[in-house]
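**Student:** Can you keep this structure in mind? I'll have questions shortly.
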Amino acid sequence: MDESDGLAPAVQSILDAAREREPAGGRVSVSPRLLPDALAAAEADGRAPTIAEVKPTSPTTEGEREDDPVALAEQMVAGGAAALSVLTEPEHFGGSPANLREIRDAVDVPVLRKDFLLREAQLDAVEADVVLLIARFLGDDLEPMLDAARERGFQALVEVHDRTELDRAVEAGADVIGVNNRDLAKLEVDLSTFEDVAPHVPEDVTLIAESGVSTPADVRRMRAAGADGLLVGSAIMDGDVTENTRTLVNA
């Protein structure tokens, strides 16, 4: 398959940059903090299990947040985030492996590395608890990348957008799956995407709703549709990070 077929220009630019990026350093080995356990603990504590995203900027937002990433991460945890997502893509999201490393050292919750990983060597840029693997971008390489991630100790969040990608993720052995409500062809967000895909996800899979969760009502909607966790970026980063996180986790 051609993983770039029909992508929005902004997404195609991200993918092109990812193909050119070379990792530094040798192979990593990780003893991860377990994401499913952290989400379950948040739920047991009466909080909506939320993965809060440290995202300085993105092609779908205006401006750039220049706060200290570690301070932002600590504020999210103080607000009740069960886990964190940290952008390490530099050109379009203002992220870096160094940011993730410093954040992971500063917090005690699982940290997801949010990036666009296309080949095995790119897994070795930095230690994280979870790495993002995007089914559309990886195509037939999804299963080998999933295996390579697990060999290093990583958990993997496999992102899908439709039933075809879900079937590929399940066949590859994914046990943590995220349904992205954002269409990478048009960059439009539709929460019904999650509602359409979620009923077909195996019960033993940890299921994450990604993109478009902005309000307590959105949180309740995704949870009612079967989300074990919610990945939230812009709605938390826009304003008081602690209060925004607290508002969503208490939905």
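**Student:** May I ask you to sort Lys114, Lys186 by Cβ crowding, counting other Cβ atoms within 10 Å and putting the fewest first?
**Tutor:** Lys186, Lys114
**Student:** Provide the net charge surrounding Val70, with neighbours chosen by a C-beta distance below 9 Å and charges set as Lys +1, Arg +1, Asp -1, Glu -1.
**Tutor:** In short, -4.
**Student:** Based on the alpha-carbon set only, what is the convex hull volume of the chain divided per residue, in Å³?
**Tutor:** It comes to 112 Å³ per residue, whole-number rounded.
**Student:** Test of understanding: given the chain, find the longest segment containing no GluC sites (Glu not before Pro) that are in a DSSP loop and have at most 14 other Cβ atoms within 10 Å.
**Tutor:** Looking at the chain, 67-187 is the longest stretch - no exposed GluC sites (Glu not before Pro) with at most 14 other Cβ atoms within 10 Å.
**Student:** Right, here's the next one. For Asp68 paired with Asp162, estimate the spin-label separation in nm (one decimal), with each label point 7 Å from Cα along the Cα-to-Cβ line.
**Tutor:** It is 4.6 nm.
**Student:** If we count every other residue with Cβ under 10 angstrom of Ala174's Cβ, Lys/Arg +1 and Asp/Glu -1, where does the sum land?
**Tutor:** Within the 10 Å Cβ shell, the charges total -3.
**Student:** Can you tell me what the convex hull of the Cα atoms of the range 62-157 projects to on average, as an area in nm²?
**Tutor:** Value for the range 62-157: 6.6 nm².
**Student:** Right, here's the next one. Expressed as a rounded percentage, what relative contact order does the chain have, with Cα pairs under 8 Å and six or more residues apart?
**Tutor:** Numbers: 519 pairs, mean separation 57.0, N = 251.
Contact order relative to length: 23 percent.
**Student:** Equivalent-ellipsoid semi-axes (√(5λ), Cα gyration tensor) for the range 86-220, whole Å, largest first?
**Tutor:** Semi-axes (√(5λ), whole Å): 23, 19, 15.
**Student:** Using every alpha carbon pair in the range 114-188, what percent of pairs falls into each 5 Å bin from 0 up to the bin containing the largest distance?
**Tutor:** With 5 Å bins starting at 0, P(r) equals 3, 17, 32, 25, 14, 7, 2, 0.
**Student:** For the range 191-241, what D do you get in µm² per second when you plug the Kirkwood radius from alpha-carbon pairs into Stokes-Einstein at 25 °C and 0.890 mPa s?
**Tutor:** For the chosen part, D equals 215 µm²/s.
**Student:** Turning to a different aspect of this structure: Which percentage, to the nearest 5, of the DSSP beta bridges contained in the chain is antiparallel?
**Tutor:** Taking every DSSP beta bridge with both residues in the chain, the antiparallel ones total about 5 percent.
Any read-out appearing in this document is the output of simple, stated calculations on the displayed coordinates, not a laboratory observation. Note that the coordinates shown come from a computational prediction; the quantities given were computed from them, not determined experimentally. FYI the Cβ positions are ideal-geometry reconstructions off the backbone, even for glycines, and counts take in every protein chain you see.
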